[in-house]
1. Within the stretch 154-191, track down each residue that is in contact with a strand residue (DSSP E or B) (Cβ under 7 Å, 6 or more places away or on another chain) and small (Gly, Ala, Ser).
2. Which residue out of 156, 227, 209 is outside any loop (DSSP other than H, G, I, E, B), loosely packed, with under 13 Cβ neighbours inside 10 Å and either in contact with a helix residue (DSSP H, G or I) (Cβ under 6 Å, 6 or more places away or on another chain) or modelled with pLDDT of 90 or more (or both)?
3. Quick one: in the stretch 159-177, of everything that is touching a helix residue (DSSP H, G or I) at 6+ places or on another chain (Cβ under 9 Å) and aliphatic (A, V, I, L, M), which residue is surrounded by the fewest Cβ atoms within 10 Å (Cβ to Cβ)?
4. Is at least one residue of the stretch 178-185 of a type outside the set (Asp, Glu), part of a helix (DSSP H, G or I), touching a helix residue (DSSP H, G or I) at 6+ places or on another chain (Cβ under 7 Å) and exposed (fewer than 15 other Cβ atoms within 10 Å of the Cβ)?
5. Would you tally the residues in the stretch 254-282 being surrounded by 10 or more Cβ atoms within 10 Å (Cβ to Cβ) and either β-branched (Val, Ile, Thr) or within 52 Å of the chain's Cα centre (by Cα) (or both)?
6. Does residue 148 count as surrounded by fewer than 15 Cβ atoms within 10 Å (Cβ to Cβ), out of contact with any helix residue (DSSP H, G or I) (no Cβ under 6 Å at 6 or more places or on another chain), outside the structural domain of residue 190 (by TED's automatic domain parsing) and of a type in the set (A, V, I, L, M)?
7. Assess whether residue 201 counts as being assigned by TED's automatic domain parsing to the domain that holds residue 253, in a helix (DSSP H, G or I), in contact with a Lys or Arg (Cβ under 6 Å, 6 or more places away or on another chain) and among the hydroxyl-bearing types (Ser, Thr, Tyr).
8. Across the stretch 96-138, what is the total count of residues that are under 26 Å from residue 196 (Cβ atoms), charged (D, E, K, R), under 24 Å from the mean Cα position of the chain (by Cα) and exposed (fewer than 15 other Cβ atoms within 10 Å of the Cβ)?
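The values are calculated or read from the model by the stated rules, or taken from the named source; none is laboratory data. Here the structure is a predicted model, which means the values were calculated and not measured. Reconstructed Cβ throughout: ideal geometry from the backbone, glycine too, with neighbour counts over all protein chains shown.
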Amino acid sequence: MQRANTSPNPRPLLGLSRQKLGPFVLGSALSFWSLRIRSRTQLLLPSYAARKQQPLAGRRAGLMRIPTALEQLFRNNLNSKLNIGVESQLLQERSQLRPLPSVRLPQYSKYDATVRKWSTIHFAGRTYSVPSRLIGCVVEVRQYAELVEVIYRGKLAASMPRLRGDKTHRIDYHHVIWSLVKKPGAFARYRYREELFPSLTFRKAYDALHEARGDRADVEYVRILHLAASTYESTVDTALKTLLGQGHRFDYAAVKAIASPEQPSVPDIQIARPDPAVYDGLLACIGGQP
């Protein structure tokens, strides 16, 4: 008597067991992709007879070009799909394009400016300070993307960062102090006076001078600023911090005594040429001779 098949597993597909089903599916997938790749590369591969007549090096070079050709085919296919909806707009934009200039565009914009009496120049809605020796001269200004250069008689006279945003002026106290020190009383009415405080210490020093000396503070501060421009700003800044920390009244002389003390003068000593006769007389006295 035969027993009925009570196995819960159904009959294998296509009569193949579980062990044979996996390799069958994998082989089918590989066959599908090999046919697909072969159909895409039929136009790229030369015939067997033509390749057989080529030298070995040429055949190898042809095989090495296959991946590059496949990549180009993939790129062309991808580009054609991505540009389907924009081809008409691209043609419309191309019709509005102008030909490129035949010469290279300049890297800067050029202006001609006259240096004003306060050692400043004005162009393109901005104001910059320049060295005071250029007052009254016409200079050439070259405005780059990040830099401004001032040219005088073919030589670079000054350079500074270009102003951006809503800032309309850049004043360097090194440029204007040489003319301002001749008229220190004009400091109170100077248009760009706030630009003449290099640091917070200088601002505190001016306030302390104004509180202690009143209107005389402008003269004292201009002389201190001139000292910073002619020596070292950091040294003068340190001297001001020292005097402010002491809490006493100070002036230009006190700042100079700390920042730039006067060097003691070396006296000019004249030494006469020695006389050999004096030495001979000394030897004669030692020997007992008159």
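1. Of the stretch 154-191, the ones in contact with a strand residue (DSSP E or B) (Cβ under 7 Å, 6 or more places away or on another chain) are 156-163, 168-172, 175-176.
157, 158, 159, listed by residue number.
2. After ruling out the rest, the residue left standing is 156.
3. Filtering the stretch 159-177 for residues that are touching a helix residue (DSSP H, G or I) at 6+ places or on another chain (Cβ under 9 Å) and aliphatic (A, V, I, L, M), the one surrounded by the fewest Cβ atoms within 10 Å (Cβ to Cβ) comes out as 171.
4. At the first step, the residues of the stretch 178-185 found to be of a type outside the set (Asp, Glu) are 178-185.
Add one more test, that the residue is part of a helix (DSSP H, G or I), and what stays is 178-180, 184-185.
The next check asks that each one be touching a helix residue (DSSP H, G or I) at 6+ places or on another chain (Cβ under 7 Å); those that pass are 178-180, 184-185.
The next check asks that each one be exposed (fewer than 15 other Cβ atoms within 10 Å of the Cβ); those that pass are 185.
Scanning the stretch 178-185 turns up at least one residue that is of a type outside the set (Asp, Glu), part of a helix (DSSP H, G or I), touching a helix residue (DSSP H, G or I) at 6+ places or on another chain (Cβ under 7 Å) and exposed (fewer than 15 other Cβ atoms within 10 Å of the Cβ).
5. 7
6. Answer is no for this residue.
7. When the stated conditions are applied, residue 201 passes them.
8. Looking only at that region, the number is 0.
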